[in-house]
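The values are calculated or read from the model by the stated rules, or taken from the named source; none is laboratory data. Everything numeric here is computed off the predicted structure, so don't read it as measured data. Cβ coordinates were reconstructed from backbone atoms using ideal geometry, including for glycine residues, and neighbour counts include every protein chain displayed. Heavy atoms of the whole protein, side chains included, go into the accessibility calculation; ligands, DNA and RNA do not. Shrake-Rupley method; radii C 1.70, N 1.55, O 1.52, S 1.80 Å.
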Amino acid sequence: MDRQQILRHLDHTLPSTDYQDLGTRYKGKVRDTYEQNGRLILVTTDRISAFDHVLSQTIPFKGQVLNQTAAYFFNATSDLVPNHVIDVPDPNVTVAKACTPVPIEFVVRGHLAGHAWREYRDGARSLCGHTLPDGLRESEKLPEPIVTPTTKAEEGHDQDVTREEAIANTDIEASTYDQLRDWALALFERGTEMAAEQGLILVDTKYEFGRTPDGNYVLIDEIHTPDSSRYYYRDGYEERLEQGLPQQQLSKEFVREWLMDHGFQGREGEEMPTLPDDFRATVTERYVELYETVTGQEFEPDDHTEPGKRIHAAVQKYVQRQTERT
Ligand SMILES: Nc1ncnc2c1ncn2[C@@H]1O[C@H](COP(=O)(O)OP(=O)(O)O)[C@@H](O)[C@H]1O
Ligand SMILES: [Mg+2]
């Protein structure tokens, strides 16, 4: 996809949806969700969030990239862990089993980056109950991948917890926690292998699980997407590590960096900067690059001028077919 095509779509993005015939809408930061008798219709929009805030501008094709990246990895890991996907009736839409979300996010880290690095740099040697060796550098590989669970705090910001705290603070039993943790590690191992095949390093990522009405646990939300994961290019990784240079990232990290350079990191009183069109197009390029690199597939943009209408029609058609079948 060339830059001209992205620029032409700056005014044809999907900021939000309001499909009243599809049931009650729940508006997340990035997805609009409609519930219909036990199924969720998850529409991934072109909204972008950073530091827990939704930015005012959209990113062309971002919803499609996220949804298709997740669909690719849900499919590629379904032999390891059951997931919520029922169907993908449109590039921006996943129909999923409606679950009760487990109130713990399972963050898995293979390398020391982001928030974990900042804590370590400031002296912490214990992270969610894991003891870390001295002398690690930013981006360095950890002795083995670790799970650093978070729970939602009152404020909305996620809070690091230990396994014991996660179990004590939620209604999740120890045996269930351990099963989900082992699933998270198995998914991370698969993601690491798949990334390596494409010349990438899966640095860290986050998994969410939910319970279906019949009591089974499944992987929900998204998997190995640029919003939920960090990737580095393998090429040059060692050299950059040795020289103390930042890694070449494929993720949302560079948007966070741009925002910080413009005085915003989600703190009270800070004004959210406006993303210039040129930067919006660059973000699209980076998201598409990530999709193409991790999946090894060419991105085929759905370049309808009114994505909201296209998606509504596709979902209506899907719902219609389902009704006819039953
Ligand atoms: N199968 C599912 N069942 C129930 N909830 C789900 C399922 N898949 C995803 N979710 C939830 O739907 C929301 C997805 O929208 P998103 O924009 O990512 O929201 P958030 O702002 O909470 O991150 C998330 O809160 C996620 O936990
Ligand atoms: Mg989310």
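For this structure, a couple of remarks:
- Any hit, segment 85-104, residues being within 30 Å of Thr131 (Cβ to Cβ), buried (at least 17 other Cβ atoms within 10 Å of the Cβ) and within 16 Å of ligand 2 (Cβ to nearest atom): yes
- Selection from segment 18-33 of residues that are away from ligand 2 (no atom under 16 Å from the Cβ) and touching a residue at least 60 places away in the same chain (Cβ under 8 Å): Tyr19, Asp21, Leu22
- The lone criterion from (1) away from ligand 1 (no atom under 14 Å from the Cβ); (2) closer than 22 Å to Lys152 by Cβ; (3) open to solvent by less than 10 Å² (accessible area, probe 1.4 Å) left unmet by Arg109 is number (3).
- Qualifying residue in segment 174-196 (condition: within 16 Å of ligand 1 (Cβ to nearest atom) and free of Cβ contacts under 8 Å to residues at least 12 places away in the same chain): no
- Selection within segment 132-166 - acidic (Asp, Glu) and surrounded by 11 or more Cβ atoms within 10 Å (Cβ to Cβ): Glu138, Glu140, Asp158, Asp160, Glu164, Glu165
- Where strands (runs of 3 or more DSSP E) fall entirely within segment 61-135, those with at least 3 residues that are under 17 Å from Arg211 (Cα atoms) are at 93-97, 104-111.
- Residues (open to solvent by 40 Å² or more (accessible area, probe 1.4 Å) and part of a strand (DSSP E or B)) located in segment 216-248: Tyr217, Tyr233
- Whichever residue in segment 202-240 is within 16 Å of ligand 1 (Cβ to nearest atom) and aliphatic (A, V, I, L, M) and, among such residues, is farthest from Ala98 (Cα to Cα): Ile223
- Residue that is nearest to Ser49 (Cα to Cα), among those in segment 249-292 that are crowded, with 16+ Cβ neighbours inside 10 Å, out of contact with any helix residue (DSSP H, G or I) (no Cβ under 6 Å at 6 or more places or on another chain) and polar (S, T, N, Q): Ser251
- Tabulated pairs, segment 242-268, first hydroxyl-bearing (Ser, Thr, Tyr), second in a strand (DSSP E or B) and surrounded by 15 or more Cβ atoms within 10 Å (Cβ to Cβ), C-beta under 9 angstrom, 6+ apart or interchain: Ser251/Val203; Ser251/Ser229; Ser251/Arg230; Ser251/Tyr231; Ser251/Tyr232
- If only residues of segment 7-51 that are in a loop (DSSP other than H, G, I, E, B) and among the small types (Gly, Ala, Ser) are counted, the one that is farthest from ligand 1 (Cβ to nearest atom) is Gly23.
- Condition check for Thr69: within 16 Å of ligand 2 (Cβ to nearest atom) and within 13 Å of the chain's Cα centre (by Cα): yes
- The set of residues in segment 178-209 that are among the small types (Gly, Ala, Ser), closer than 20 Å to Cys128 by Cα and surrounded by fewer than 19 Cβ atoms within 10 Å (Cβ to Cβ) contains only Ala186.
- Contacts under 6 angstrom Cβ, first residue in segment 99-115 being without any contact (Cβ under 8 Å) to a residue 24 or more places away in the chain, partner within 12 Å of ligand 1 (Cβ to nearest atom) and open to solvent by 20 Å² or more (accessible area, probe 1.4 Å), 6 or more apart: none
- Residues of segment 282-314 classified as assigned to a helix (DSSP H, G or I) and either in contact (Cβ under 8 Å) with a residue 12 or more places away in the chain or over 19 Å from Tyr233 (Cα atoms) (or both), total: 20
- Single unsatisfied condition, His115 versus (1) closer than 27 Å to Leu66 by Cα; (2) buried (at least 16 other Cβ atoms within 10 Å of the Cβ): (2)
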